[in-house]
Amino acid sequence: MGERRARRPLAFILGANEIASAVAVHLHRAGWACVLSNDPFPPVIRRQMAFHDVLFGERIVIEGVEGAAAENTVELFHCIEQPSCVVVTPLQLSDLIAVHTADLLIDARMQKYSATPDCRHIARLTVGLGPNFVVGENCDLAIETRPAKVGNILESGATETADRTPRTLGGVGGERFVYSAQEGLWHSPLEIGARIYKGVVIGHLGATPIAAPIDGFIRGLVRDGLRAPAGVKLLEIDPRGRAAKWTGIDERGEAIARAVALGVRIKLAERAAAPHPGPLVLH
């Protein structure tokens with residue numbers, strides 16, 4: 001009989017956006033089995049930088065790491081045992097913890113304006129990315145995502161609150177995005193990476209035409225046929241010309257993912273080195 005393969009530590013990652021996907025790539029390389037739990041809000045727009053679209057039957061490979069879809073618990077168990085890929089599932093955290101215990105839980109949903117629950121009891125180590133995380137209250141470790149402090153690792157205190165000011169890209173801030181004014185079914189015939197010009201209609205939200213706000217390349221785009229809630233990003237234009245990037249892992253995702261991998265490694269090493277309490281003595 002052959003030797004039994006050692007179990008890889010298991011990480012549940014909340015979100016299937018580009019940040020969650022960058023984190024999954026780095027943890028996968030470090031030997032973790034990664035499961036990304038897709039959250040439909042807000043819709044993923046940087047889909048060529050994310051594993052999200054494997055849920056729609058597409059083959060997604062990011063920096064040499066492939067995503068695999070698991071629609072149910074049977075498929076989930078099978079995919080977790082595959083060392084060549086990361087897993088993406090529509091199953092939510094309550095479903096995941098009912099069938100498997102995680103060593104690591106990372107909240108990468110980037111829900112900047114929502115309340116963040118305390119999930120520290122669910123996994124051996126919990127990590128929060130971005131605003132609304134307080135170490136010791138709703139996570140064990142936190143990572144800053146704001147431009148000036150992106151990738152900073154917090155072992156105490158709170159991450160900075162969101163200020164509703166998008167970071168700049170090629171000198172352009174919030175004007176490179178288009179948001180949904182109301183809920184509606186989104187349709188677009190265009191693909192991410194397409195060259196586009198200001199004023200050209202990119203898609204329709206219900207019956208409302210949505211035009212490009214600036215010249216550039218389509219960097220983000222809600223998937224055709226999805227229902228978009230009000231107040232979410234429908235598309236993003238990259239104005240940087242030849243320097244435009246819409247695939248793989250960008251600098252921000254790389255910084256955050258590296259910080260997660262480093263912070264997790266340090267925290268687990270500290271816990272392993274800590275003296276264990278002696279036996280309980282009754283008097």
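FYI, it's all coordinate maths here, none of it is from the lab. Just so it is clear, the structure is predicted and the values come from calculations on it, not from any experiment. Cβ placement follows ideal geometry from the backbone for every residue including glycine, while neighbour counts extend to all protein chains displayed.
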Please name whichever of L93, P43, F77 sits farthest to the positive end of the charge dipole of the stretch 42-103, dipole taken about the Cα centre and charges placed at Cβ: Lys and Arg +1, Asp and Glu -1. P43
Cα shape, the stretch 174-242, gyration tensor, a/c 1.5 rule: prolate
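How do the peptides 125-134, 19-28, 183-192 rank, highest first, by the average count of neighbouring beta carbon atoms within 10 Å per residue?
19-28, 125-134, 183-192
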Between rounded, prolate and oblate, where does the chain land on the alpha carbon gyration tensor, with a ≥ b ≥ c its root eigenvalues, rounded for a/c under 1.5, else prolate if a/b exceeds b/c? prolate
Less than 13 Å Cβ to Cβ from S37, Lys/Arg counted +1 and Asp/Glu -1: what total charge do the surrounding residues give? -3
If each residue's Cβ is checked for other Cβ atoms within 10 Å, how do F177, F12 rank with the fewest at the top? F177, F12
So if I take the centroid of the Cα atoms in the stretch 26-58 and the same for the stretch 122-153, what is the distance between those two points in Å? 19 Å
In the chain, helical segments from DSSP H whose Cα atoms cover 15 Å or more along their own axis and that average at least 0.0 on the Kyte-Doolittle scale are 18-29, 251-273
For E183, the net charge from surrounding residues (Cβ-Cβ under 15 Å; K, R +1; D, E -1) works out to +2
Sum of side-chain charges, P147 neighbourhood, beta-carbon under 12 Å (Lys, Arg +1; Asp, Glu -1): 0
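Which order results if R47, R59, R120, R176 are arranged by neighbouring Cβ count within 10 Å, fewest first?
R59, R120, R176, R47
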